[in-house]
Amino acid sequence: MIQNYLKITIRNLCKRKSYTFINILGLAAGMSVCLVIGKYIEFETSYDGFNTNAKNIYRVVSSFYTDGPKDSFGGYDLGPALLNNFPEVRSFVRTHDIGGVVSFANQAGKQIRFQESKILVADSTFFRIFTFKSILGTPSTALNNPNSVVITKSIALKYFGDSIDPIGKTMNVSGWWMPGLYEVSAVVEDVPSNSHFDFDFLLPMHNLLQTEFYHNNNTRWDNFHTYIEVYEKSELSQLEKKIPSFIKRYKGDDREINAKSILQFQNLLDIHYSPNLERQGSHRTTIYFFAVIALFVLAIAWVNYINLSTARAMERAREVGVKKAIGVLRSQLITQFIFESVLVNLVSVLLAVVLAILLLPSLNSITGRSFVFGFTEPKLLSVLVSLFLFGSFASGTYPAFVLSSFKTTEVIKGSVIHSGRGFSLRNGLVGFQFASSLLLLIGTFVIYRQVAFMQDQDKGFEIKRAVIVKGPELAETKNLRERMLSFKNELLQFPFVGKVSTSFSVPGKDASLSTSMRKSGKPIEENRIGNVYWVDTDFMELYNIPLAAGKTWDPNVESDMKSVIVNEEAVKIFELGTNTSALNEKMILPSAVDTFAILGVVKNHHWNSLKQLYEPMIFRVEMASSANISIQLTGNTHEALVQIEQKYKAFFPDDAFSFYFLDDFYNAQYQTEQQFGKLFSMFSVLAVLIGCLGLWGLASFTTIYRLKEISIRKVLGASVNSIIYLLTSQFLKPLLIAGTLMLPIVWFGVNAWLENFPYRIKFSMDLFLVPLSVLVTIAWVTVCVQTIRAASSNPVTSLKSE
């Protein structure tokens, strides 16, 4: 019987090659999209999961709240305090990011030297808590020696090559806070791409805590990441109950800021979804979105199969009638039709694997990853088997029962041929297909509109033609300020340079310092958080940041150089009155010795992306900063950069010349939304194509089925246009009805997503009507390809034969 089923199935599939092709291609495309999205979701949900005890590891985030949340990281002593006060805590580790220049003298005496930014300082417990694969040495004890360093495999190859054993070799670290000689004690595999850590070097925390910078700033140095490992996950709830009293003991009677302090414990597996506990869960929601897209696309493909199978029911009615007349049981007919579905789905799964491999480079290009399919992996094999089994059942069951239900007498009489059975269901399924496609198109349109809105919005300052050159890190500190000023003046002599400014931070980067401050005359309880930025006297002019009141610094006026400039948000938050009256006020910064007069007020501007609200900004003047050099170009960019590099090398020969364009750097803040939009659009296009593929097949079959009706109408005088309208309206009506029903869902979904942005577009009907018009046009063209051919045919050809 199986052999017989197989023969009949192959004959039936070959009889209608075009419909078989549509079914197989549609199902394969839907499954391939599922496989690609599944690969993306699998990676995004695997972050830090390679750590053996991940479920019991937590990052401790110390936060304080005033008018809104402001995240901070734990101080250097938070980890030891938690270990000593709570029996639930098994161990802790602190980390701190630094950068510097690393060098190694090889056997020939040649210095191999590179600027390195991925240097992580950590406690000796780092490898006892986190799981990283060891290549050489013993990582669990590798950081016990204060002068040891752990490096990754790629760094070992970079500095030592294949021929030198790095263990015991000495590397020189210079710049930043921890210069000195460090001995390689272990080599580990490169940090996995699905880890929130990103380091090439690990240095002992012991050395950082001995630096002069630490001893001068330890009372307010709070940008350490602190992680704890608890004995059991269930014990975290017990620990959290004790936190309020611990905070009171730990912080004491801290009156520096009028805010509520809390400690939050963020599981290691959740850090990727909300790195700073802001917009918590938003990234997880994105993953849910893609899971829903995968289901929609697959459902659209299955609906294609169901629609075409039930549409062919009229054609196969005589086949069913004859089989029933000679004694074939209904169960045998059901088995036959399900067998067809099984074969179609089996071929579709095999083709889906090929299509998924072809789609994967597009996913890699958008996400910047290097995804590959491991078809021997049990997880992937189980997904393929599940798609095959569920697809065979979901797409084959309904057509099988419909086709096997025809009565022999009805078939012989021909009454089935005129039955309208299945028409309403097919209309509903077509409506579902295009409602799903419409949702995806609207989602794509909204994402691109929102990102374009944020990028095109007036930022309040000018970033075009601005190039940022990274300041020197290896230059001797002696007379560095004078050399920076000389370098700046030399650049201004170039005809292609308009203005030059130095600063500790630039737009798109974090503040130089976030600290508590208040208006002079206010009690310490009135402290609020503000962001401090060190800039030189030309900064405001270069970036064209407009003044709302007052003036900028005059280097020849001593009082100006001891004053600050604030933004309008600072005037509001610190209750400085109006912009003009603020010029008569002073600000007290706890980290500074003196009070600062307010010299000017600049208008609010978006220092960071429009994903953030305005924050209070305090600008302090520094004649020359060695961190960032902003250069406004007015001529040929390539020629300018070549000459600027030559001048830079003349002043700072030990440092590598590094630059970036500020507009590209600033817009990179929208990378997550852009990536989301590209993925959304790619899968939306595929969904629409799969839907149109099914619609094309359905329209083709319908026009063939109604060919005699069309011919009679033409003989009776019907025009080609009227016939086209008759046939296309059958398919477009369900689409328009589905679109109308989707409007409230679209309104709710769009507004819910836009709530994540403080500055956003407003919902308007064009967000709905433009994608709907595009979809209707695509569907109309798809149907017209078939209907025009039928409407233009010679009626004699179809009427002369039975």
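One line per residue, one yes/no per condition, for (1) in contact with a Ser or Thr (Cβ under 7 Å, 6 or more places away or on another chain); (2) more than 28 Å from Ile366 (Cα to Cα); (3) open to solvent by 10 Å² or more (accessible area, probe 1.4 Å):
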position	(1), (2), (3)
Leu662	no, no, no
Ala668	no, no, yes
Met682	yes, no, yes
Glu709	no, yes, yes
Leu716	no, yes, yes
Leu726	no, yes, yes
Leu741	no, yes, yes
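Looking at this structure, is Arg312 at pLDDT below 80, over 23 Å from Asn84 (Cβ atoms) and surrounded by fewer than 16 Cβ atoms within 10 Å (Cβ to Cβ)? Criteria not met by Arg312.
The selection criterion, being within 16 Å of Phe197 (Cα to Cα) and open to solvent by 60 Å² or more (accessible area, probe 1.4 Å), holds for Arg128. Annotation note: of Ala687, Ala640, the sole residue that is crowded, with 19+ Cβ neighbours inside 10 Å, touching a Leu at 6+ places or on another chain (Cβ under 6 Å) and within 19 Å of Val467 (Cα to Cα) is Ala640. In region 1-57, the qualifying residues are those that are under 30 Å from Asn194 (Cα atoms) and among the small types (Gly, Ala, Ser), and the one that is surrounded by the most Cβ atoms within 10 Å (Cβ to Cβ) is Gly30. With respect to (1) of a type in the set (D, E, K, R); (2) closer than 30 Å to Ile761 by Cα; (3) in contact (Cβ under 8 Å) with a residue 24 or more places away in the chain, the lone exception for Glu622 is condition (2). The residue pairs whose first member lies in region 465-483 and is modelled with pLDDT under 85, whose second member is not in a loop (DSSP other than H, G, I, E, B) and not aliphatic (A, V, I, L, M), and whose beta carbons are closer than 6 Å, counting only pairs six or more residues apart or on different chains, do not exist in this structure. Just so you know, in region 168-188 the residues that are assigned to a loop (DSSP other than H, G, I, E, B) and open to solvent by 70 Å² or more (accessible area, probe 1.4 Å) include one that is nearest to Ala656 (Cα to Cα), and it is Trp176. Do we have any residue at all in region 604-614 that's among the aliphatic types (A, V, I, L, M), within 37 Å of the chain's Cα centre (by Cα) and either in a loop (DSSP other than H, G, I, E, B) or at pLDDT 95 or above (or both)? Yes, some residue in region 604-614 is among the aliphatic types (A, V, I, L, M), within 37 Å of the chain's Cα centre (by Cα) and either in a loop (DSSP other than H, G, I, E, B) or at pLDDT 95 or above (or both). Of all residues in region 599-614, those that are closer than 15 Å to Glu541 by Cα have Cβ atoms under 8 Å from Cβ atoms of residues that are part of a strand (DSSP E or B) and open to solvent by 50 Å² or more (accessible area, probe 1.4 Å), 6 or more apart or on another chain, in Gly600/Leu547; Val601/Leu547; Val602/Leu547; Lys603/Leu547.
What about Lys499, is it part of a loop (DSSP other than H, G, I, E, B) and either touching a helix residue (DSSP H, G or I) at 6+ places or on another chain (Cβ under 7 Å) or surrounded by fewer than 15 Cβ atoms within 10 Å (Cβ to Cβ) (or both)? It is false that Lys499 is part of a loop (DSSP other than H, G, I, E, B) and either touching a helix residue (DSSP H, G or I) at 6+ places or on another chain (Cβ under 7 Å) or surrounded by fewer than 15 Cβ atoms within 10 Å (Cβ to Cβ) (or both). Taken residue by residue, region 598-615 has at least one member that is in contact with a Leu (Cβ under 9 Å, 6 or more places away or on another chain), open to solvent by 30 Å² or more (accessible area, probe 1.4 Å) and of a type in the set (Lys, Arg).
Within 30 Å of Met178 (Cα to Cα) and in contact with an Asp or Glu (Cβ under 7 Å, 6 or more places away or on another chain): does that describe Leu474?
Answer is yes for this residue.
For region 618-676, a residue qualifies if it is part of a helix (DSSP H, G or I), modelled with pLDDT under 90 and hydrophobic (A, V, I, L, M, F, W, C), and the qualifying residues are Ala668, Phe676. Select from region 340-383 the residues that are of a type in the set (Ser, Thr, Tyr) and loosely packed, with under 14 Cβ neighbours inside 10 Å and list them in ascending order. Across region 340-383, the qualifying residues are Ser362, Ser365, Ser370, Thr376, Ser382. A residue that is surrounded by fewer than 20 Cβ atoms within 10 Å (Cβ to Cβ) and within 22 Å of Gly79 (Cβ to Cβ) occurs nowhere in region 157-167. Residues being surrounded by fewer than 21 Cβ atoms within 10 Å (Cβ to Cβ), under 27 Å from Asn51 (Cα atoms) and either among the hydrophobic types (A, V, I, L, M, F, W, C) or in contact with a helix residue (DSSP H, G or I) (Cβ under 9 Å, 6 or more places away or on another chain) (or both) are entirely absent from region 99-115. Applying the condition of being of a type in the set (Val, Ile, Thr) and open to solvent by 70 Å² or more (accessible area, probe 1.4 Å) to region 136-156 and asking which residue is nearest to Met205 (Cα to Cα) yields Thr141. If only residues of region 222-253 that are exposed (fewer than 13 other Cβ atoms within 10 Å of the Cβ), over 35 Å from the mean Cα position of the chain (by Cα) and at pLDDT below 80 are counted, the one that is farthest from Tyr58 (Cα to Cα) is Asp253.
Let's see how each residue does on (1) within 30 Å of Asn479 (Cα to Cα); (2) of a type in the set (D, E, K, R); (3) in contact with a Ser or Thr (Cβ under 8 Å, 6 or more places away or on another chain):
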| position | (1), (2), (3) |
| --- | --- |
| Tyr543 | yes, no, yes |
| Ser563 | yes, no, no |
| Lys611 | no, yes, no |
| Glu615 | no, yes, no |
| Phe619 | yes, no, no |
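One residue stands out in region 458-487 among those that are part of a loop (DSSP other than H, G, I, E, B) and β-branched (Val, Ile, Thr): the one that is surrounded by the most Cβ atoms within 10 Å (Cβ to Cβ), namely Ile463.
So is Ser405 open to solvent by 20 Å² or more (accessible area, probe 1.4 Å), over 37 Å from the mean Cα position of the chain (by Cα), of a type in the set (Ser, Thr, Tyr) and modelled with pLDDT of 70 or more or not? Judged against the criteria, Ser405 is a match. The residue pairs whose first member lies in region 637-652 and is closer than 17 Å to Leu485 by Cα, whose second member is open to solvent by 40 Å² or more (accessible area, probe 1.4 Å) and part of a helix (DSSP H, G or I), and whose beta carbons are closer than 8 Å, counting only pairs six or more residues apart or on different chains, are Lys647/Glu490; Phe651/Arg483; Phe651/Ser486; Phe651/Glu490; Phe652/Arg483.
The values are calculated or read from the model by the stated rules, or taken from the named source; none is laboratory data. From a predicted model like this one, the values you see are computed outputs, not experimental measurements. Glycine gets a Cβ as well: all are built from the backbone with ideal geometry, and neighbour counts include every protein chain shown. Surface accessibility is based on the protein's heavy atoms, side chains included, excluding ligands, DNA and RNA. Shrake-Rupley method; radii C 1.70, N 1.55, O 1.52, S 1.80 Å.
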